[in-house]
Each structure stands twice: as structure tokens, then as C-alpha cells.
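This report refers to the structure that appears directly beneath it.
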Amino acid sequence: MTAQQTFGKGGPAVSRIGQGTWNIERAPRSEAIAALRSGLDLGLSHIDTAEMYGDGLAEQITGEALAGRRDEVFLVSKVLPHNASKAGTRRACEQSLRRLRTDRLDCYLLHWRGSYPLAETFAAFEELRAEGKIMSWGVSNFDVGDLDEALRVVGPGRIACNQVLYHLRERAIEHAVMPWCERNGVAVTAYSPFGQDDFPQGGSAQGKVLAEIAAAHGASPRQVALAFLTRSSGVFAIPKAAKPSHAQDNAGALGLRLGAEDIARLDAAFPRGPKPRGLPML
């Protein structure tokens, strides 16, 4: 497993494991900033945020953490659906740039489908890209039907990524979304890669499998989880780290390569289940 891989079709090399910022404002500010900076020191240069997170506070904290280090980072933010009119997308982007203390985003996403036509939002993205305010753009929480529509609107090669819920106990995207993205050169970014406060505990059957594989590799169970989720080319993960020690543990997954037997054991312990009617999201 390489630490970096191409982000979307013809995109830049980006760290496979990044840093999420959802709810980061709930941690002491100095600790949250230290965690982000520690992650950068360790190669977690893919940082994801959104105008929604803490009503902009997560972007402010991220901007403070990136002071003097902006060029080291692949920086992603998102526009809320109710702001995603053509004019509203521009306003939202410019406000995010101010909070982040930067002149550009490396990728800008529509957070989820809303009432504005995709063509309107994407036209704003293209204008922002032409002006250098964003380097690329993508979507989040898009199922295959949404992706098909997006592709019809803009054609191939425009959509950089689809950010979706993906963790060991929620593998729905493997049925159709992940194959679609692979076929069309769209990066997949896994948010909440440890689940929502339900990471397998050591005493459980699933936790024991993780622990055994981790011990065999001199790794932690969370590092094993991240390595499993990013085992396919074009898949990234953005775990949050509210403390430097969390960032250090996440960074340990950058060089972890699981063998075929490890992957088979995890696949059996965490079955992906039947294809759902709709795309799970938080």
C-alpha cells in the first residue's frame, strides 16, 4: 500500500489516509489544532471540512491549524444543499475560503442532493474552478442514480470524488457505488471510517478478529480497519483525530498492507450484507 494515490481521473497524488473535522470544534481548540498539525507532520495531508461543521467553526479551526502550511495540504470543503444555487454556491465558497484563510480549495463538494438542479450547482463549480478558487469539485452522499445524472449533466472527467459513509459495519457502497466510481475514474472518500461510536470492542467476536490481525502486523485495530477500507485503488479515508495521539495512530495505517488472508478474514467477520434500497448516510 502506498501512502499516496491519484485523486480522481488525472488528479494529484493525495494521502490515502486523511483527516476529517466533523465535530472537531467539540474538542478544546488548542488540542484540535495540535491534532491537525500532528497529522500533517505524519503525512496526513488530505484534510476535509465543510461549512456545516460547527456552523463554520470547524473551518476556522482548520484554517488556524494550516497557518504557514497551506501548500502542504489537499484541502476539501463542502457546500450545503440549501446554499447550492449558482449564486449561493459562489457565496458559500468565498465564505469558506475566508474562514479557512486561503485563496483556494483543492476540491469542493456538494454535501448531498438538494432542491437546486445539479446543472446549476455544477455550473458554479466550473466558474469557481476557472477562476482558480477551487482546483476540482465533486459530490457527497450520491447513490448510483445521482451519479448517473451528474455524469449526464457534465460528462466524463469532471467529477473528482464521491464522499460516502463507509466503515467495517457499513459496506453498502461496495455493491454499486464503488464499482461505478472505479469505472468512471471518480475517487471514493470514506467518511466516519470507524463508525459512530460503535467500533468493535476487543471482547467481541469481530473485535477479536481485528485484534489478532493487528497483533500479527504490529499495528492497532483501527489501523487495520483503515487499511481494509482503503485496500482498493482510488479509495481514501478521513478519520477525525481530536488529539495528537489519535492522529499518530491513524497515520500508522499509511504503510500497512494487509495480505489476502487478512482481507478474507475481515470480509467474513464484517459481511457487506445485501444491497440496500437507498444509500446509507449520516
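Within the range 46-83, the set of residues being of a type in the set (S, T, N, Q) and either crowded, with 20+ Cβ neighbours inside 10 Å or in contact (Cβ under 8 Å) with a residue 60 or more places away in the chain (or both) comprises T49, T62, S77, N83.
Selection of the range 153-191 for residues being surrounded by fewer than 21 Cβ atoms within 10 Å (Cβ to Cβ) and of a type in the set (G, A, S) yields G155, G157, A176, G185.
Quick one: is G114 touching a helix residue (DSSP H, G or I) at 6+ places or on another chain (Cβ under 6 Å) and outside any helix (DSSP H, G or I)? If you could, list the steps in order and put the result at the bottom.
Values: touching a helix residue (DSSP H, G or I) at 6+ places or on another chain (Cβ under 6 Å): yes; outside any helix (DSSP H, G or I): yes.
Yes: the conditions hold for G114.
In the range 241-268, what count of residues is obtained for those that are part of a loop (DSSP other than H, G, I, E, B) and touching an Asp or Glu at 6+ places or on another chain (Cβ under 9 Å)?
Just the residues of the range 241-268 that are part of a loop (DSSP other than H, G, I, E, B), to begin with: 241-243, 252-259.
Those left that are additionally touching an Asp or Glu at 6+ places or on another chain (Cβ under 9 Å): 241-243.
Residues in the range 241-268 being part of a loop (DSSP other than H, G, I, E, B) and touching an Asp or Glu at 6+ places or on another chain (Cβ under 9 Å): 3 in total.
Y166 fulfils the conditions (1) touching a Leu at 6+ places or on another chain (Cβ under 7 Å); (2) on the phi > 0 side of the Ramachandran plot except for a single criterion, (2). Of the residues making up the range 227-240, just one is part of a helix (DSSP H, G or I) and in contact with a helix residue (DSSP H, G or I) (Cβ under 7 Å, 6 or more places away or on another chain), namely F228. Count of the range 239-282 residues, restricted to those that are surrounded by 20 or more Cβ atoms within 10 Å (Cβ to Cβ), over 19 Å from P200 (Cβ atoms) and in contact with a His (Cβ under 7 Å, 6 or more places away or on another chain), is 0.
Where residues in the range 257-280 are among the aliphatic types (A, V, I, L, M) and modelled with pLDDT of 95 or more, which of them is farthest from A215 (Cα to Cα)? I'd like the intermediate steps shown before the answer.
So the first thing to find is which residues in the range 257-280 are among the aliphatic types (A, V, I, L, M), and the list is 258, 260, 263-264, 266, 268-269, 279.
Then keep just the ones that are modelled with pLDDT of 95 or more; that gives 258, 260, 263-264, 266, 268-269.
On the way: L258: 12, A260: 16, I263: 15, A264: 17, L266: 14, A268: 19, A269: 17 Å.
It comes out as A268.
Within the range 24-46, which residues are in contact with a strand residue (DSSP E or B) (Cβ under 7 Å, 6 or more places away or on another chain) and assigned to a loop (DSSP other than H, G, I, E, B)?
G43, L44, S45
Of the candidates V224, V235, V177, V188, the single residue that is closer than 27 Å to D48 by Cα, among the β-branched types (V, I, T) and touching an Asp or Glu at 6+ places or on another chain (Cβ under 7 Å) is V177.
I need the full set of residues from the range 6-28 which are surrounded by fewer than 18 Cβ atoms within 10 Å (Cβ to Cβ), under 17 Å from F74 (Cβ atoms) and touching a residue at least 12 places away in the same chain (Cβ under 8 Å), in order please. The answer is T6, K9, G10, P12. Scanning the range 215-228 for any residue that is buried (at least 18 other Cβ atoms within 10 Å of the Cβ), of a type outside the set (K, R), touching a strand residue (DSSP E or B) at 6+ places or on another chain (Cβ under 6 Å) and modelled with pLDDT of 95 or more turns up at least one such residue. Between G63, G56, G88, the distinction of being assigned to a helix (DSSP H, G or I) and at positive phi belongs to G56 only.
The values are calculated or read from the model by the stated rules, or taken from the named source; none is laboratory data. Computed from a predicted model, the values in this text were never measured in an experiment. Because the Cβ atoms are built from the backbone with ideal geometry, glycine has one as well, and the counts that use them run over all protein chains shown.
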